[in-house]
1. Could you list, in sequence order, the residues of the stretch 130-179 that are basic (Lys, Arg), at pLDDT 95 or above and more than 16 Å from the ligand (Cβ to nearest atom)?
2. For the stretch 302-386, list the helices (runs of 4 or more DSSP H) that sit wholly inside it and hold at least 1 residues that are away from the ligand (no atom under 16 Å from the Cβ) and among the hydroxyl-bearing types (Ser, Thr, Tyr); which are they?
3. Could you identify the single residue in 46, 97 that is on the phi < 0 side of the Ramachandran plot, modelled with pLDDT under 95 and either away from the ligand (no atom under 16 Å from the Cβ) or outside the structural domain of residue 321 (by TED's automatic domain parsing) (or both)?
4. Residue 60: under 19 Å from the mean Cα position of the chain (by Cα), more than 18 Å from residue 241 (Cα to Cα), of a type outside the set (Ser, Thr, Tyr) and not in a helix (DSSP H, G or I), yes or no?
5. Could you count how many residues in the stretch 331-354 are within 19 Å of the chain's Cα centre (by Cα) and surrounded by fewer than 22 Cβ atoms within 10 Å (Cβ to Cβ)?
6. Those residues that are in contact with a Ser or Thr (Cβ under 8 Å, 6 or more places away or on another chain), in a loop (DSSP other than H, G, I, E, B) and within 16 Å of the ligand (Cβ to nearest atom), I need them from the stretch 180-207; list them, please.
7. Write out, first by first residue and then by second, each pair whose Cβ atoms fall under 8 Å of each other, whose residues are 6+ apart or on separate chains, and whose first residue, in the stretch 367-386, is at negative phi while the second is outside any helix (DSSP H, G or I) and within 11 Å of the ligand (Cβ to nearest atom).
Amino acid sequence: MITESEDISEIRRAVQALCAEFPGAYWREKDSERAYPAEFVDALTKAGFLAALIPEAYGGSGLKLDAAAVIMEEIQAAGCNGASAHAQMYIMNTLLKYGSEEQKQEYLPRIATGELRLQAFGVSEPTSGTDTLSLRTVAVRDGDEYVINGQKIWTSRAEYSDLMMLLARTTPREDVASKTEGLSIFLVDMRKVVGNGMTIKPIRTMMNHSTTEVFFDDMRIPASALIGEEGKGFRYILSGMNAERILIAAECIGDAKWFIKKASDYASERNVFGRAIGQNQGVQFPIARCYAQMCAAELMVHHSAQVFDAGGNPGAEANMAKLLASEASWAAADMCVQTHGGFGFAEEYDVERKFREARLYTVAPISTNLILSYLAEHVLGLPRSY
Ligand SMILES: Cc1cc2nc3c(=O)[nH]c(=O)nc-3n(C[C@H](O)[C@H](O)[C@H](O)COP(=O)(O)OP(=O)(O)OC[C@H]3O[C@@H](n4cnc5c(N)ncnc54)[C@H](O)[C@@H]3O)c2cc1C
């Protein structure tokens, strides 16, 4: 439906070829062992896909967000799980946009080669939930260092990352005019602090997601880890969050495409009452409806990436893309299980695994309710509800 350049089509084909090396059996094994798909992430890194957004001057391919979105979409559409590596794409934006030249020189080339992994994003906390501005992790300046105390939750891939983008409060909430001030972003070199102020505890979840709790106990990091100006961190990550929402939305489109293809193939092959189940409109209509829903969401994902790439502020567009795409993928997941009947529950079909993985995205990285309240308040001018 969307016409695209030959460059983008070439990226799609290259990602498809790489993903073909990692079939369902690979993911089923990782899933049952709750193991990190290191071989897959290595392959993506070696092929340069995880360095897509890094400018060429720092060793990356200098692509735009629309290309990164296509990479993530194709990973999901192939039945793979991009959640093992997607953060590197979207955290990057904060470093690219607000990091100093020195920080970029120090980290970006080594992230591009895969020597360093930037996969951990520490924002969520157990007590603040979606109310990010009430987070309690504090960073206090002490000479040339910051001392960090507090706790994060759901910090995914922390065990498999060398660097963490960390949001902490540097000025108490009661001492700032606006609660969006006084938060700062740090690029923490985890290799120096794990076991030395930082403790990581895995959380087992319904899918293979390598997520964790992270505790900071008088963790000392150099003051040079601060990104941009102290106290402005929340503003910095907002722009990164648009990138995150667009990339996650693209993953949801990939998931929806996988479920729709899987269901269409099965409905054509499976014979009951002497004919293909897909001959029944009661089976084919839900598949067709999911296809229409996915195509509509895909247009919004594409549009929001274009606004982002043109230097605009796609706050509303990125949120709508994430809302529509996560709902389209979840509807397709449910439809795919229904189409498969009992076999939708059998591990060897991969449907139940993808179903569990796809469930996340109407909750994280931002839940549907919070997107709706953003649209109601900031786009439609309705009264603020919280
Ligand atoms: C597997 C997984 C991986 C994750 N990875 C990361 C990560 O790498 N880094 C990170 O920082 N975070 C991560 N998260 C956290 C994720 O972003 C949050 O779970 C998500 O933003 C929701 O926050 P919460 O869980 O605190 O829910 P809560 O804020 O407690 O909300 C619970 C429910 O109440 C609703 N709700 C809350 N307030 C309102 C309101 N005012 N109006 C209407 N409804 C409301 C929400 O929509 C939600 O449905 C991850 C989460 C999961 C489950």
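The values are calculated or read from the model by the stated rules, or taken from the named source; none is laboratory data. Nothing here was measured: the structure is a model prediction, and the numbers come from that model. Here Cβ is always computed from backbone atoms with ideal geometry, including for glycine, and neighbour counts include all displayed protein chains.
1. Scanning the stretch 130-179 gives a single hit, 141.
2. 315-340
3. On the way: 46 fails: modelled with pLDDT under 95.
Exactly one of 46, 97 is on the phi < 0 side of the Ramachandran plot, modelled with pLDDT under 95 and either away from the ligand (no atom under 16 Å from the Cβ) or outside the structural domain of residue 321 (by TED's automatic domain parsing) (or both), namely 97.
4. Details: under 19 Å from the mean Cα position of the chain (by Cα): no; more than 18 Å from residue 241 (Cα to Cα): yes; of a type outside the set (Ser, Thr, Tyr): yes; not in a helix (DSSP H, G or I): yes.
So residue 60 fails the test.
5. Within the stretch 331-354, residues that are within 19 Å of the chain's Cα centre (by Cα) and surrounded by fewer than 22 Cβ atoms within 10 Å (Cβ to Cβ) number 1.
6. Within the stretch 180-207, just 205 meets the criteria.
7. 367/130; 370/130; 373/385; 373/386; 376/385; 377/384; 377/385; 386/131
Listed here are the residues, each with its yes/no results for (1) surrounded by fewer than 22 Cβ atoms within 10 Å (Cβ to Cβ); (2) more than 23 Å from the chain's Cα centre (by Cα); (3) among the hydroxyl-bearing types (Ser, Thr, Tyr); (4) modelled with pLDDT of 95 or more.
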position: 203; (1), (2), (3), (4): yes, no, no, yes
position: 206; (1), (2), (3), (4): yes, no, no, yes
position: 215; (1), (2), (3), (4): yes, no, no, yes
position: 235; (1), (2), (3), (4): yes, no, no, no
position: 248; (1), (2), (3), (4): no, no, no, yes
position: 255; (1), (2), (3), (4): no, no, no, yes
position: 260; (1), (2), (3), (4): no, no, no, yes
